[in-house]
Amino acid sequence: MSGNTIQILIAMIVYMAAVIVIGALYAKRANKNSEEYFLGGRSLGPWVTAMSAEASDMSGWLLMGLPGVAYWCGLADAFWTAFGLAVGTYINWLVVSKRLRRYSVRANNSITLPEFFSNRFRENKKVIMFISAAFILIFFTVYASSCFVTCGKLFSALFGAPYVAMMIVGAIFVLLYTILGGFLAESVSDFMQAIVMIVALTVIVAISTIKAGGIGAVIDNAREIPGFLEFFGLATPMVDGNGQQLLEAGKPLFDKASDYGILTVCSMMAWGLGYFGMPQVLLRFMAIRKEEELKRSRRIAMVWVVISLAVAVFIGIVGRQLYPAVHLTKSAAENIFITLATSSLPAILAGFVMAGILAATISSSDSYLLIAASAFAKNIFQGICKKNATDKQVMIISRVTLLVLALIGIVIALDEKSVIFSIVSFAWAGFGATFGPIMIFSLFWKRVNRAGAIAGMVSGAAMVFIWKLVISKLGGVFAIYELLPAFIFSSICIVVVSLLTKAPSKEIEEDFEAVKAGNV
């Protein structure tokens, strides 16, 4: 191992140690009871709420997936995805956050998303609770696997070690940390990680741009590639049968630009719809200590999101100029951030920047695993299977669940050629279509009922799978991102089924009116 590699390793160990210390500091409080472990006792301040929500949401996708997309095929896909995410973030904070914080208290002080939906409709047979918990388990396991892929790619690229071994090491670290600290430790460390992430992005893009000869030089280079710097066009790398980009005299080859119409723009912007169903974000709305502080959180979150997304996209573009022939496959392109960091900074500083990727990965995977574990332990085990389960039993089951989910995530992540962006996009669509529509209708439509909620969740989740695995294969207009048609279909099912079945009870309508009036 070279001297530079050792310095990078030391820097990353220091960072990881700091994360473990945070977990240890909050471990005692986290283990007091299940509400503290799963929701932090609704004690988050506005800064921690905002920064932890965004850090847990963006994950390693922000530092590897999004720059990789921009590096591989240019501006359009990355820009419209980022734009949709920024708009979705703002609307979610503006419209959903305050009403959900209020309603989760009214709905028998719900501390998980399945519990909120179940209590919102006052169900005796916990069908909604089971369905929502099951889908959280499925999609968060997939999500966690994307984080493990990030760990594997990061450590493998840095230290030249086998991908699988490094992926497993990263997964074990995340698992131990999550078991130790719970929601509060995770949220506080996410706040720190959000700062590391945005600093890492900003430092790398600034240094890389200077190294490339300035913004003008970067733009001029990008314009030489057909469709690379267009909002309504897409660069098309010429690849061989193995998906590896072809070279000529050491220069990567591109075909003519692909068409990029309004339907494709809408498809990419549909990423923003996912926010209405993201448990890791919605839980932060429920956990803030005061409803009035959500306005400040929204402003903090938007500044972080806009800067981070814009910089991440530009990193891919400047990386294409500096290292045009280094990453020759779509999967390898997601290492461009690592390449820029290790080549532009002294080793010890590069190590701390690499900690930015680790920060992003940890901040997301611990959220995913914790929420999934709570869905099983709190909602399925205690809510359905053993209603008299003690808090201690719930905590034990949650930790066993964490272990099982991590093992499944590791199995999914074994493929070294996995593309982080693709894994995240599927899980994102799953959550967005399963929970997004019913969340909006639950908060803002008094007529929605239990049958409509069940129909909306099942139809949304099913359509994600059907569209992704079957309909999208038809190509053309059917090749759009599965979240958009699934979200629309779920919304239609909620409205139609609710109107065709019995209206909500008087008690449910009174709850709705009380929340609407702010009387909780």
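Miscellaneous remarks
- Residue match in the stretch 232-254 (condition: open to solvent by less than 50 Å² (accessible area, probe 1.4 Å), over 30 Å from Met457 (Cα atoms), without any contact (Cβ under 8 Å) to a residue 24 or more places away in the chain and of a type in the set (Gly, Ala, Ser)): no
- Lys473 vs. criteria open to solvent by 10 Å² or more (accessible area, probe 1.4 Å), modelled with pLDDT of 95 or more, in contact with a helix residue (DSSP H, G or I) (Cβ under 9 Å, 6 or more places away or on another chain) and basic (Lys, Arg): no
- For beta carbons closer than 7 Å, sequence separation of 6+ or different chains, a first residue in the stretch 55-74 that is over 18 Å from Glu230 (Cβ atoms) and a second that is part of a helix (DSSP H, G or I) and among the acidic types (Asp, Glu), the qualifying pairs are Ala55/Asp190; Ser56/Asp190; Met64/Glu334; Gly65/Glu334; Gly68/Glu334.
- Reported count of residues in the stretch 283-308, each being farther than 20 Å from Val96 by Cβ and of a type outside the set (Ser, Thr, Tyr), is 1.
- Filtered by the rule that a residue be part of a helix (DSSP H, G or I), small (Gly, Ala, Ser) and more than 18 Å from the chain's Cα centre (by Cα), the stretch 95-131 gives Ser104, Ser118.
- Across the stretch 320-354, the number of residues qualifying as hydrophobic (A, V, I, L, M, F, W, C) and closer than 13 Å to Ile204 by Cα comes to 12.
- Residues of the stretch 25-60 that turn out to be open to solvent by 10 Å² or more (accessible area, probe 1.4 Å) and either modelled with pLDDT of 70 or more or not in a helix (DSSP H, G or I) (or both), as a count: 9
- The lone exception for Leu340 - which of (1) crowded, with 20+ Cβ neighbours inside 10 Å; (2) under 16 Å from Leu75 (Cα atoms); (3) at pLDDT below 95; (4) not charged (D, E, K, R) it fails: (2)
- Filter result (assigned to a helix (DSSP H, G or I), closer than 21 Å to Leu100 by Cβ and free of Cβ contacts under 8 Å to residues at least 60 places away in the same chain) within the stretch 431-454: Phe441, Gly452
- Selection over the stretch 145-166 of residues that are closer than 18 Å to Gly351 by Cα and open to solvent by less than 10 Å² (accessible area, probe 1.4 Å) gives a count of 4.
- Lone qualifier among Arg284, Arg289, Arg296 - being over 20 Å from the mean Cα position of the chain (by Cα), modelled with pLDDT under 90 and under 30 Å from Val520 (Cα atoms): Arg289
- Residue pairs whose Cβ atoms lie under 8 Å apart, separated by 6 or more positions or on different chains, with the first residue in the stretch 470-490 and under 15 Å from Trp271 (Cβ atoms) and the second among the basic types (Lys, Arg), are Glu482/Lys468.
- Yes/no for Ala171 being more than 18 Å from the chain's Cα centre (by Cα) and either at negative phi or open to solvent by 10 Å² or more (accessible area, probe 1.4 Å) (or both): no
- Qualifying residue in the stretch 348-371 (condition: closer than 30 Å to Phe254 by Cα and of a type outside the set (A, V, I, L, M)): no
- If the condition is being of a type in the set (Lys, Arg) and surrounded by fewer than 13 Cβ atoms within 10 Å (Cβ to Cβ), then the stretch 201-231 contributes only Arg223.
- Selection within the stretch 269-278 - out of contact with any Phe, Trp or Tyr (no Cβ under 7 Å at 6 or more places or on another chain), within 23 Å of Leu44 (Cα to Cα) and open to solvent by less than 10 Å² (accessible area, probe 1.4 Å): Tyr275
- Selection count, the stretch 406-428, where residues are part of a helix (DSSP H, G or I) and open to solvent by 10 Å² or more (accessible area, probe 1.4 Å): 10
- Residue in the stretch 491-505 that is under 19 Å from Ser104 (Cα atoms) and out of contact with any strand residue (DSSP E or B) (no Cβ under 8 Å at 6 or more places or on another chain) present: yes
- Within the stretch 220-231, the set of residues being free of Cβ contacts under 8 Å to residues at least 60 places away in the same chain and under 32 Å from the mean Cα position of the chain (by Cα) comprises Arg223, Pro226.
- Residue within the stretch 62-72 that is farther than 20 Å from Thr434 by Cα and surrounded by fewer than 24 Cβ atoms within 10 Å (Cβ to Cβ) present: no
- Pick from the stretch 279-298, criterion in contact (Cβ under 8 Å) with a residue 12 or more places away in the chain and open to solvent by 30 Å² or more (accessible area, probe 1.4 Å), ranking: nearest to Ala82 (Cα to Cα): Arg298
- Residue selected from the stretch 181-199 under the condition surrounded by fewer than 24 Cβ atoms within 10 Å (Cβ to Cβ) and in contact with a Gly (Cβ under 8 Å, 6 or more places away or on another chain), by the criterion modelled with the highest pLDDT: Val199
- Candidate set from the stretch 73-109 (those that are in contact with a Phe, Trp or Tyr (Cβ under 6 Å, 6 or more places away or on another chain) and among the small types (Gly, Ala, Ser)); member that is surrounded by the most Cβ atoms within 10 Å (Cβ to Cβ): Gly74
The values are calculated or read from the model by the stated rules, or taken from the named source; none is laboratory data. Computed from a prediction, not measured in an experiment: that's the story for all the values here. Don't worry about glycine lacking a Cβ; one is built from the backbone with ideal geometry, like all the others, and counts go over all protein chains shown. Each accessible area value is taken on the protein alone, full model and side chains, heavy atoms only, with ligands, DNA and RNA left out. Shrake-Rupley method; radii C 1.70, N 1.55, O 1.52, S 1.80 Å.
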